[in-house]
Amino acid sequence: MRVQTPSTDSPRPAASDTGDWPPMSKRHALLFGLTGLVYLLVVVAVVCDTRLVDLDWALKQLRPYKQWPEVQPFLNVWIVAGQRGPSAIVACAWLGWRCWRARTVRPLLVMGAALLLLNVTVGAVKIVTGRLGPHYAHYIGSPELFSGGTIFPSGHTANAVVTWGVLAYLAVRWRRLGTVLAGLTAVSIGLTTVYLGTHWISDVLAGWAAGALVLLALPLVEPTVAELDRRIIALWRPPAP
């Protein structure tokens, strides 16, 4: 009779047990790198006053809100979907309901982590670049940098990507449909800011990339989220008799 000896190899501890970052797949790493590269290229193109800035001015001088004024009332309302306050309230209300049903705070923690990453990363670039928006531009053809503005990257656009993207990320059963809807929302919000003249098109391109980077970074913070979730749930539960 053949006796099977137990393996001496111990199982590899999970990332959440060791505190290390979880492994990133090659596809994920490639997508993260490409998105970061796009973000960097847009920033460099604006700082170096390239043809992208010429495109910014061409669209500003086109004045889309005057070319197609009939859609402006609708877009004035639609743009609210990209504002951090209203969109976060709607998203967190739904996530709070999910937390109550599943007896976990993970959905709210994921949204909180995403918004924190968004505020820190996008806010830092806004402060450093100090760019003015189209309505406050001084010199035709200028990138309007280092002038005390806070327009680059587009916070409206990045927030739309992150807020609605997180909902798609958490909607396991409807993730594909949610991803499509979140993508359409983020694209339309960004283009709406250009139509209304509140952002340059380069602001929007940078906002899309910045928001996408935050979403791609979410799996990396999942171990921390899981640990916080475990501790919070432990505080809620009454001690065993």
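Every number here is computed from the coordinates shown, using simple stated rules; none is lab data. Keep in mind that what you see is a predicted model, and the values were worked out from it rather than measured. Cβ sites come from the backbone with ideal geometry, for glycine too, and all protein chains shown count toward neighbours.
Sorted from fewest to most neighbouring beta carbons within 10 Å, what does the list T129, T224 look like? Numbers along the way, then the final one.
Numbers: T129 22, T224 14.
Taking fewest neighbouring Cβ atoms as first place, the list is T224, T129.
So for T157, T150, fewest C-beta neighbours within 10 Å to most, what's the order?
T150, T157
Taking R0 as 45 Å, what's the FRET efficiency between T50 and R101 from their Cβ-Cβ distance, rounded to 0.05?
For T50 and R101, the calculated efficiency is 0.35.
About its Cα centre, how strong a charge dipole does the chain have in debye, to the nearest 20, once Lys and Arg get +1 and Asp and Glu get -1 at the Cβ?
840 debye
Give, as a single signed number, the net charge of other residues whose beta carbon lies under 15 Å from the beta carbon of R63, with Lys and Arg counted +1 and Asp and Glu -1.
Values: positive: K60, K66; negative: D56, E70.
So the surrounding residues net to 0.
Working from Cα positions, state the angle (0 to 90°, nearest 10) between the long axis of helix 175-196 and the longest principal axis of the chain.
20 degrees
Of E227, E70, E222, how do they rank once you tally other Cβ atoms within 10 Å and put the fewest first?
The most exposed by this proxy come first: E70, E227, E222.
When you count, for each residue, the other Cβ atoms within 10 Å and take the mean per peptide, how do 212-220, 135-143 rank with the highest first?
For the peptides 212-220, 135-143, the packing ranking is 212-220, 135-143.
Highest first, please rank the peptides 189-198, 38-47 by the mean number of other Cβ atoms sitting within 10 Å of their residues. Numbers along the way, then the final one.
On the way: 189-198: 21.5, 38-47: 17.8.
So the order, starting with the most tightly packed, is 189-198, 38-47.
Treat each spin label as a single point 7 Å out from the Cα along the C-beta direction, and report the I233 to V38 distance in nm.
So the two model labels end up 3.5 nm from each other.
Highest mean first, what order results for 58-69, 161-172, 83-94, 104-115 on Cβ atoms within 10 Å?
Result, highest mean first: 161-172, 104-115, 83-94, 58-69.
For Rg/Rh (Cα atoms, Kirkwood Rh), several values are listed as [x] 0.94; [y] 0.98; [z] 1.10; flag the one computed from this structure.
For Rg/Rh (Cα atoms, Kirkwood Rh), the calculated option is [z].
Please identify which residues in segment 41-74 have an amide N closer than 20 Å to a label point set 7 Å out from the Cα of L191, following the Cα→Cβ vector.
Flagged as within label range: 55-74.
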